[in-house]
Amino acid sequence: MAGQDWIEKDFYAELGVPKDAAAADIKKSYRKLARTLHPDANPGDATAEQRFKEVGEAYSVLSDPDKRQEYDAVRAMAGGARFSAGSGGAGGPGAGGFEDLFGGVFGQGGGQRVRYGQRPGGASGGAGAGGVPPGFEDLLGGLFGHGGAGPGAGRGGFGAPPRQGADVQASTTLDFTTAVQGSTTTLRAGDGTTVTARIPAGVKDGQKIRLRGKGASGGPGVPAGDLVISVAVTPHPVFSRDGDDLRVTLPVTFAEAALGADVEAPLLDGGTVRLRVPAGSPSGRVLRARGRGVTTAKRAGDLLVTLQVVVPQRLSDEARAAVEAFAEATGDGDVRGELLAAARRSREGAGR
């Protein structure tokens, strides 16, 4: 993402949180917005789709502590003003603006909600990345916590050649299904070059993936750096993730829960799996479909199906008569007796 974009876009406002919001509040607000704006919930709504992309972009920055620190620093230095490169402004026609100054650090292009830029200290000799002088690059490195061009920053000491090229940071936002199943993503760098990266199946929200040798070139005889991709995953309207297991809540009728039934539960790939509901199942009982969760290189998780007994909102005269007959037939049972007795015993024990 270009520095100009970071100045012009208020990611806190996009997510509806204050600038000092805790990480948990940012995540909670993002999940709520993403669930409301998800394309599956708003088919054909271009406005909702655009907002969905914007909140995903904002979350990909604010959910990463390092990127959030950089974003806050850039916004603070800009003082809320908007700068532009090219003609006009205090520098007169042709004068470079804030974008010229920071373009080499933050990159200029972006794929789908992607920021892709070389960290300071990745060039050797002469001007730094994007034409930024080495001294100024060191200053930015200290400001944003990446380190300068001295020892320990990929170099063997002052004047020594780098041990490898600089690591390159990138970020992308994936929908829930793509993150579970894996995907090949093309990231575009500020200089126009592209890198094709394979996102492995089962990647989690907030996870960082390191691709060896996909970073900046180290020069003749020096291996390239690594590409480090930060992944943000949007929530799914039906499924949630619990480690390598997937969870879904399945509505069942009272008759199905009381008498038992064979029912179909949805799968993430669009299919279904048939499950047996045992007779007498209460709301909250969890059924397990083995191997139908997240499949990674190490294992396949399960699909955990939580039953939710649905109570009819309206009853026909015939249905009401049937329920009344059922209530009369089972009226000698006390479903709350054990709970009340336990509460009384607890109170009596506390008074001793």
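The values are calculated or read from the model by the stated rules, or taken from the named source; none is laboratory data. Being a predicted model, the structure only gives us computed values, none of them experimental. All Cβ positions, even for glycine, are placed from backbone atoms using ideal geometry, and neighbour counts span all protein chains on display.
Only one of these is of a type in the set (A, V, I, L, M), at pLDDT below 90 and not in a strand (DSSP E or B): ALA216, ALA197. Name it. Step by step, each of ALA216, ALA197 is checked, and only ALA216 is of a type in the set (A, V, I, L, M), at pLDDT below 90 and not in a strand (DSSP E or B).
Quickly run through segment 261-296 and pick out the residues that are surrounded by fewer than 14 Cβ atoms within 10 Å (Cβ to Cβ) and of a type in the set (Gly, Ala, Ser). GLY270, GLY271, ALA279, GLY280, GLY284, GLY291, listed by residue number. Just so you know, in segment 57-66 the residues that are touching a residue at least 60 places away in the same chain (Cβ under 8 Å) and of a type outside the set (Asp, Glu) include one that is surrounded by the most Cβ atoms within 10 Å (Cβ to Cβ), and it is TYR59. The set of residues from segment 18-46 being in contact (Cβ under 8 Å) with a residue 24 or more places away in the chain and within 15 Å of the chain's Cα centre (by Cα) comprises ALA23, ILE26, LYS27, TYR30, ARG31, ALA34, ARG35, HIS38.
Within 30 Å of PHE326 (Cβ to Cβ), surrounded by 16 or more Cβ atoms within 10 Å (Cβ to Cβ) and in contact (Cβ under 8 Å) with a residue 24 or more places away in the chain: does that describe SER230? Taking the combined requirement at face value, the residue does not satisfy it.
For segment 171-178, indicate whether the set of residues that are within 20 Å of LYS298 (Cβ to Cβ), in contact with a strand residue (DSSP E or B) (Cβ under 7 Å, 6 or more places away or on another chain) and at pLDDT below 85 is non-empty. No; the residues of segment 171-178 include none that is within 20 Å of LYS298 (Cβ to Cβ), in contact with a strand residue (DSSP E or B) (Cβ under 7 Å, 6 or more places away or on another chain) and at pLDDT below 85. Residues of segment 248-268 that are assigned to a helix (DSSP H, G or I), of a type in the set (A, V, I, L, M, F, W, C) and touching a residue at least 12 places away in the same chain (Cβ under 8 Å): PHE254, ALA257, ALA258, LEU259. So, SER316, is that one more than 20 Å from GLY243 (Cβ to Cβ), touching a strand residue (DSSP E or B) at 6+ places or on another chain (Cβ under 6 Å) and either at pLDDT 90 or above or of a type in the set (A, V, I, L, M, F, W, C) (or both) or not? No. Given the residues GLU54, GLU8, GLU49, which is the only one that is touching a residue at least 24 places away in the same chain (Cβ under 8 Å) and in contact with a helix residue (DSSP H, G or I) (Cβ under 6 Å, 6 or more places away or on another chain)? Only one candidate qualifies: GLU54.
Of the residues making up segment 306-323, those that are of a type outside the set (Ser, Thr, Tyr) and part of a strand (DSSP E or B) are LEU307, GLN308, VAL309, VAL310.
Across segment 326-352, which residue is nearest to the chain's Cα centre (by Cα) among those that are exposed (fewer than 11 other Cβ atoms within 10 Å of the Cβ) and closer than 30 Å to GLU264 by Cβ? If we take residues in segment 326-352 being exposed (fewer than 11 other Cβ atoms within 10 Å of the Cβ) and closer than 30 Å to GLU264 by Cβ, then VAL335 is nearest to the chain's Cα centre (by Cα). Could you please give the count of residues in segment 28-44 that are more than 19 Å from THR177 (Cα to Cα) and at pLDDT 85 or above? Count: 2. In this structure, ALA232 does not qualify as closer than 30 Å to LEU315 by Cβ, out of contact with any Lys or Arg (no Cβ under 6 Å at 6 or more places or on another chain) and at pLDDT below 95.
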